[in-house]
1. Given a 10 angstrom Cα cut-off, can you work out which residue in GLU107, GLU18, GLU129 is the most mobile in a GNM of the chain?
2. Three principal axis extents, largest first, for the C-alpha atoms of the stretch 77-144, in Å?
3. Would you mind telling me which residue in ASP86, ASP58, ASP68 has the biggest mean-square fluctuation in a Gaussian network model of the chain, where springs connect alpha carbons within a distance under 10 angstrom?
4. Relative contact order for the chain using alpha-carbon pairs under 8 Å, separation at least 6, rounded to a whole percent?
5. If R0 is 22 Å, what FRET efficiency do you get for GLU44 and GLU140 from their C-beta distance, rounded to 0.05?
6. For the chain, what is the largest minus smallest coordinate of the Cα atoms on each principal axis, given in angstrom and ordered from greatest to least?
7. Pick from LEU88, LEU30, LEU16 the residue whose mean-square fluctuation is largest in a GNM of the chain, springs joining Cα atoms under 10 Å.
8. Could you tell me the center-to-center distance, by alpha carbons, between the stretch 71-112 and the stretch 1-59 in angstrom?
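Rule-based calculations on the coordinates, nothing more; no lab input. Model, not experiment: these values are computed from the prediction. As a convention, Cβ positions derive from the backbone with ideal geometry for all residues, glycine included, and neighbour counts pool all protein chains shown.
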Amino acid sequence: MKVLVINGPNLNLLGLREPALYGSQNFAALQELIRESARELGIEVELFQSNHEGAIVDAIQGAYNRMDAILINPAAYTHTSVAILDALKAVALPTVEVHLTDISTREAFRQFSYVSLYAHRTICGLGFEGYRQGLQFLKENYDK
Ligand code: DQA
């Protein structure tokens, strides 16, 4: 099973960025955890990070006919991007939405997610562990 893992804006600054919220481990550590979890689960992962909405839309479109599922932390675009929602609906792949923090208990503007309108599952507030659980959910439910 092939899964495209997408991380949105500012997640490349993990470690530096608001460590009280997002933790002290950096983005390289997150990527390593994703690769290791995927290896354990027998998943082939492709990792993509961008700070640009259109690049994320392109990556989602590029998954069509090539990948079996998508795991995405859209970061700030979660709360603003109809374009990312539309791209996910267009390619229609099983999709897990992950957030490091629990967006349901943060500022009001973070409590709505466009991506949740499509995602098959949303995992919030588990830090890096949410990515592992998201991959596991995709493997258990959508491996052909
Ligand atoms: C985030 C939550 C978003 O509100 C925020 O803009 C992020 C990260 C999370 O992983 O908790 O950049 O998606």
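1. GLU107
2. 39, 28, 13
3. Ranking ASP86, ASP58, ASP68 by mean-square fluctuation puts ASP58 first.
4. Working: 258 pairs, mean separation 40.1, N = 144.
Relative contact order comes out at 28 percent.
5. 0.85
6. The Cα atoms of the chain stretch 39, 33, 24 Å along their principal axes.
7. Answer for the Gaussian network model of the chain: LEU16.
8. 14
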